[in-house]
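The values are calculated or read from the model by the stated rules, or taken from the named source; none is laboratory data. Model, not experiment: these values are computed from the prediction. Cβ sites come from the backbone with ideal geometry, for glycine too, and all protein chains shown count toward neighbours. Ligands, DNA and RNA are excluded from the accessible area calculation, which covers all protein heavy atoms including side chains. Shrake-Rupley method; radii C 1.70, N 1.55, O 1.52, S 1.80 Å.
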Amino acid sequence: MSFTEAQIAAIEKNGNLIVSAAAGAGKTTVLTERVYRLVAEGVPIDRMLVLTFTRAAAGEMKTRISKRLSKAAYGASGARAAYLREQAAAVANANISTIDAFCAKVVFRHFFRVGLTPSVKTLDETETAVLRAETRGAALDRLAAELPADYRTLIVAFGSEPAL
């Protein structure tokens, strides 16, 4: 694949980096190549933190990085090939995740520093949806009871309570 000047700059930049672009712009490809370059230069994958917004993107990133390292190992020999194979295998446990998963990992590891119990947990998608619906319902009930005219105006503006 050929890269644009901006993509090459992102791949070759030293230090921390945030990549922001529209869907389909090649973010995953650029980040894969960047991580590969860093690993090839001797930075172990377990010393990196790669954050995305979705689980699917994190999974795709892991798959692509592992394949890229494996492909490079196949073309190498000796200690370099062994190192690249080792790094490709280490991708499975690398810090490549969503932002919220990384934050949860930090909280779980350091629960005592923030005054939580060891049994602390984060909500899954179903629990989040239930809590959101309950909170929305309670807020609308309160609005309807305390400010009925405002509640009616809001309903009219959205067309119905479910649309709200």
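A few remarks follow.
- Residue in the range 29-36 that is more than 12 Å from V91 (Cα to Cα) and among the polar types (S, T, N, Q) present: yes
- From the list E146, E134, E127, the one residue that fits, being closer than 27 Å to L51 by Cα and loosely packed, with under 12 Cβ neighbours inside 10 Å, is E127.
- Selection of the range 61-80 for residues being open to solvent by 80 Å² or more (accessible area, probe 1.4 Å) and either on the phi > 0 side of the Ramachandran plot or out of contact with any Ser or Thr (no Cβ under 6 Å at 6 or more places or on another chain) (or both) yields K67, K71, Y74, S77, A79, R80.
- Among the conditions (1) free of Cβ contacts under 8 Å to residues at least 24 places away in the same chain; (2) in contact with a Phe, Trp or Tyr (Cβ under 6 Å, 6 or more places away or on another chain), R68 misses just one, which is (1).
- Only one entry in V107, V156, V120 is closer than 30 Å to I18 by Cβ, β-branched (V, I, T) and in a helix (DSSP H, G or I), namely V107.
- Per-region count, the range 81-106, residues farther than 15 Å from I45 by Cβ and loosely packed, with under 15 Cβ neighbours inside 10 Å: 6
- Taking the range 21-51 as the range and being open to solvent by 40 Å² or more (accessible area, probe 1.4 Å) and among the aliphatic types (A, V, I, L, M) as the test, the residues that pass are A21, A22, A23, A25, V43, L49, L51.
- Helices (runs of 4 or more DSSP H) contained in the range 1-94 and holding at least 3 residues among the small types (G, A, S): 5-12, 55-74, 78-90
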